[in-house]
1. Considering only segment 13-28, I want to know if a residue exists there that is at pLDDT 95 or above and either closer than 30 Å to residue 230 by Cβ or outside the structural domain of residue 204 (by TED's automatic domain parsing) (or both).
2. Can you tell me how many residues within segment 276-299 are outside any helix (DSSP H, G or I) and of a type in the set (Ser, Thr, Tyr)?
3. Kindly establish whether residue 302 is in a strand (DSSP E or B) and more than 16 Å from residue 189 (Cα to Cα).
4. Count, please, the residues in segment 211-240 that happen to be β-branched (Val, Ile, Thr) and near the ligand (Cβ under 8 Å from one of its atoms).
5. Considering only segment 171-190, state which residues are within 14 Å of the ligand (Cβ to nearest atom) and either free of Cβ contacts under 8 Å to residues at least 60 places away in the same chain or surrounded by fewer than 21 Cβ atoms within 10 Å (Cβ to Cβ) (or both).
6. Please determine, by comparing only the residues of segment 284-299 that are in contact (Cβ under 8 Å) with a residue 60 or more places away in the chain and touching an Asp or Glu at 6+ places or on another chain (Cβ under 8 Å), which one is farthest from residue 253 (Cα to Cα).
7. Out of the helices (runs of 4 or more DSSP H) lying entirely within segment 54-151, which hold 2 or more residues that are basic (Lys, Arg) and without any contact (Cβ under 8 Å) to a residue 60 or more places away in the chain?
Amino acid sequence: MSPPRERTGYKIRRGSGKAKRKSGVADARIIDGRALAGDLRQRVAETAGRLRERHNFVPGLATILVGDDPASHSYVRSKRNACAAAGLAAFDRSLPADTPEAALIAEVGRLNADDQVDAILVQLPLPAQIDAHRVITAIDPQKDVDGFHPLNVGRLWTGLPALVPCTPQGCLMLIRSVRPDLAGAEAVILGRSNIVGRPMAALLLAADCTVTAVHSKTREAAAIARRADILVAAVGRPALVGAGWVKPGAVVVDAGITAISAPDGRTRLVGDVDFAAVRAVAGAMTPVPGGVGPMTIACLVRNTVLAACRRRGLADPPPI
Ligand code: NAP
């Protein structure tokens, strides 16, 4: 499929307000994910308003949360709030940690059959007694807002219209905000998970990049990364990517999020990229927090509206 083409009216912050460091090396442009995500959510809200006026329906997202993991609770709350803020309907299902797999699949079945629900999100990870793959495959592919169902995965890789996973979709928009034309660019993705790395590879390949996926068994990962015009990190290892991993002028997108305890006892979110070191080498880069995270949520809101339109046989909303 064609990768989603997004408006490129992006906002960029210069690192510290100084165009150049003392060494003469220019600071990387800092790509403002919060601003871009706010813009996207505003446009999705406008689309939702038009759907309400012209077609008399409100797109709805159902979230299912199993167990009491605080991080999962917080993610689901943010997603729900973002949908509500865009004027969408939100339906919540909270199930106990010992919910059997069959009961969860039955709940998915009820949401599949509910006409008010356009999009279904099962928050991962799931408790050990539940096979996430079986649950994901039970979701109606038309309501698979995370784009994890094998049918959507296949559609993405074969170039058919698909619901595309939110994090890589957001990463692509961040990349395009500073480099709209990606044809021929060398792209390296660190990580090959089904949630980020693999769909990111599919999107960048569809955008005519030359794509390499690096994983835990890759030899000479830093040398491969250093070839990249576009470097996406989705590993979950704080500060793995140092200055020696980055080609001068590259666009670096950091999807990693790890919560670490700071010396003051507070919890801090850090990415996979050593921000201070890489800033002196990269051409543009995303911060953590404030980069990929807000875009993931905005893309979820967008996917909900897209699913609602496609399910009703309406044309896709215009490019955002
Ligand atoms: P994951 O399923 O654990 O996958 C991690 C990937 O990194 C695997 O493919 C693994 O290789 C690879 N890897 C591990 N150590 C490596 C190393 N030293 N060198 C090269 N590759 C290495 O994680 P995920 O779900 O993709 O998430 C990755 C990061 O993104 C996490 O920090 C997560 O919190 C974050 N994330 C953020 C968002 C967001 O909204 N911003 C959304 C999703 C995930 P193998 O395949 O060989 O094991």
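The values are calculated or read from the model by the stated rules, or taken from the named source; none is laboratory data. Here the structure is a predicted model, which means the values were calculated and not measured. Cβ atoms come from the backbone with ideal geometry, glycine included; neighbour counts cover every protein chain shown.
1. Our first condition is that a residue be at pLDDT 95 or above; within segment 13-28, this holds for 28.
Keeping just the survivors that are either closer than 30 Å to residue 230 by Cβ or outside the structural domain of residue 204 (by TED's automatic domain parsing) (or both) gives 28.
Scanning segment 13-28, I find at least one residue that is at pLDDT 95 or above and either closer than 30 Å to residue 230 by Cβ or outside the structural domain of residue 204 (by TED's automatic domain parsing) (or both), so the answer is yes.
2. Residues flagged as outside any helix (DSSP H, G or I) and of a type in the set (Ser, Thr, Tyr) within segment 276-299 amount to 1.
3. Values: in a strand (DSSP E or B): no; more than 16 Å from residue 189 (Cα to Cα): yes.
When the stated conditions are applied, residue 302 does not pass them.
4. 3
5. Listed by number, the residues that qualify are 188, 189.
6. Filtering first and then ranking leaves 290.
7. It comes to 70-85.
For (1) in the same structural domain as residue 195 (by TED's automatic domain parsing); (2) surrounded by 14 or more Cβ atoms within 10 Å (Cβ to Cβ); (3) more than 30 Å from residue 60 (Cβ to Cβ); (4) away from the ligand (no atom under 14 Å from the Cβ), each residue gets a yes or a no:
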position	(1), (2), (3), (4)
255	yes, yes, no, no
261	yes, no, yes, yes
264	yes, no, yes, yes
268	yes, yes, yes, no
272	yes, yes, yes, no
286	yes, yes, yes, no
298	no, yes, no, no
304	no, yes, no, yes
308	no, yes, no, yes
